[in-house]
Amino acid sequence: MKQKPVIFLCVGATKAGTSWLFEQLAMHPECHLRAIKELHYFNTFSQNCWNARLRFLGEQAARIKPGSRMSADMASWMDVMRLRRLNLDAYLSYLCEGRGTKRVVADITPAYSLLSRQLLSRMAKIGDVRVLYLMRDPVERLWSQIRMDAKRQSFVDHEIPAFSRRLLNEALEMKGTAWPRGDYATIIPKLEAAIPADRLKFAFYETVTSQGGMNAICDFLGIARRAAAFDKRVHKGVELSMEAEDHARAMAALRPQYEYVARRMGNLPDAWQANLAGV
């Protein structure tokens with residue numbers, strides 16, 4: 001009898017190394033990852049926005065090379081989404097299609113960190129689920145997301161600085177989407193309340209991209225340790241420095257996040273400590 005898979009759910013944070021981790025696990029011989037990284041299944045259910053998600057997937061599908069693995073996976077995934085309701089059998093069948101005897105299947109969707117405790121708890125019960133939440137230095141993570149969002153909203157590159165400044169102001173006023181994605185003080189206790197401790201792991205962007213950090217994730221998933229490409233950057237953002245005044249404002253607003261994580265985790269990576277100390 002084929003062994004049931006480990007279902008790996010990486011729920012964030014945004015701009016904290018989830019795309020890099022996806023690529024590394026996709027190359028692991030014991031992992032079966034479909035070509036689509038972020039499925040957005042449970043948040044589509046939570047928001048009841050099936051039609052909007054299908055329109056978005058259709059737009060993506062139109063830009064994919066016909067006959068490619070991505071094209072085939074997209075077609076299969078759209079069939080699941082066309083059911084327009086939560087169907088865990090269909091969801092799990094999609095994750096497992098073609099896995100053979102590989103141990104791990106995965107859905108790496110940072111937006112899941114914003115789901116309710118009740119839905120996260122339900123997700124944790126769909127099988128042998130392991131949940132990972134990656135964290136990145138709060139100011140660096142926020143600025144990286146803002147640059148990404150500004151790039152998407154700008155028609156030309158010279159508009160990016162102005163868009164970035166506007167989005168930063170919105171984030172520091174706790175508006176828009178950038179702030180909640182890095183609200184560790186809210187997300188961490190919610191995850192701990194929803195998911196059994198032995199099935200939940202927290203890790204840092206700054207240390208996961210090391211052999212020790214990658215080993216810890218492999219151990220968590222029950223797969224063989226394997227060297228990863230630590231020199232590879234995925235979805236590198238636009239090069240744009242934060243003004244000193246804006247950095248000071250961001251540090252003032254996000255200092256409680258640093259302090260919360262320090263209390264909860266017992267220590268912070270060196271880069272966090274240096275930023276916190278103003279080095």
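Results for (1) in a helix (DSSP H, G or I); (2) without any contact (Cβ under 8 Å) to a residue 40 or more places away in the chain, shown as yes or no for each residue.
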{"position": "Leu132", "(1), (2)": "no, no"}
{"position": "Trp143", "(1), (2)": "yes, no"}
{"position": "Met148", "(1), (2)": "yes, no"}
{"position": "Pro189", "(1), (2)": "yes, yes"}
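Filter the stretch 159-187 for residues that are in contact (Cβ under 8 Å) with a residue 24 or more places away in the chain and among the aromatic types (Phe, Trp, Tyr); which is surrounded by the most Cβ atoms within 10 Å (Cβ to Cβ)? Among those residues, the one meeting the criterion is Tyr184.
Does at least one position in the stretch 57-69 carry a residue that is exposed (fewer than 15 other Cβ atoms within 10 Å of the Cβ) and within 24 Å of Val6 (Cβ to Cβ)?
Our first condition is that a residue be exposed (fewer than 15 other Cβ atoms within 10 Å of the Cβ); within the stretch 57-69, this holds for 58-60, 62-63, 65-69.
Now restrict to residues that are within 24 Å of Val6 (Cβ to Cβ): 69.
Yes.
Screening Gly127 on (1) under 16 Å from His247 (Cα atoms); (2) more than 20 Å from the chain's Cα centre (by Cα) shows it passes everything except condition (1).
Among the residues of the stretch 213-225, at least one is farther than 30 Å from Arg263 by Cα and either among the hydrophobic types (A, V, I, L, M, F, W, C) or surrounded by 18 or more Cβ atoms within 10 Å (Cβ to Cβ) (or both). Listed by position, the helices (runs of 4 or more DSSP H) enclosed by the stretch 1-68 that each have at least 1 residues that are charged (D, E, K, R), free of Cβ contacts under 8 Å to residues at least 60 places away in the same chain and closer than 23 Å to Met81 by Cβ are 50-62. In this structure, does Ala193 turn out to be assigned to a helix (DSSP H, G or I) and under 20 Å from Gly12 (Cβ atoms)? Against the criterion (assigned to a helix (DSSP H, G or I) and under 20 Å from Gly12 (Cβ atoms)), Ala193 qualifies. Could you tell me whether Asp79 is among the charged types (D, E, K, R), within 18 Å of Glu97 (Cβ to Cβ) and over 23 Å from the mean Cα position of the chain (by Cα)? Here the answer is yes, as Asp79 does meet what is asked.
Quick check on Ser116: is it out of contact with any strand residue (DSSP E or B) (no Cβ under 8 Å at 6 or more places or on another chain), of a type in the set (S, T, N, Q), closer than 27 Å to Pro196 by Cβ and modelled with pLDDT of 95 or more? So Ser116 passes the test. Only a single item in (1) modelled with pLDDT of 90 or more; (2) under 22 Å from the mean Cα position of the chain (by Cα) is not met by Ala227, and it is number (1).
The values are calculated or read from the model by the stated rules, or taken from the named source; none is laboratory data. This structure is a prediction, so every number in the text was calculated from the model and none was measured. Neighbour counts are summed over all protein chains in view; Cβ atoms, including those assigned to glycine, are modelled from backbone coordinates with ideal geometry.
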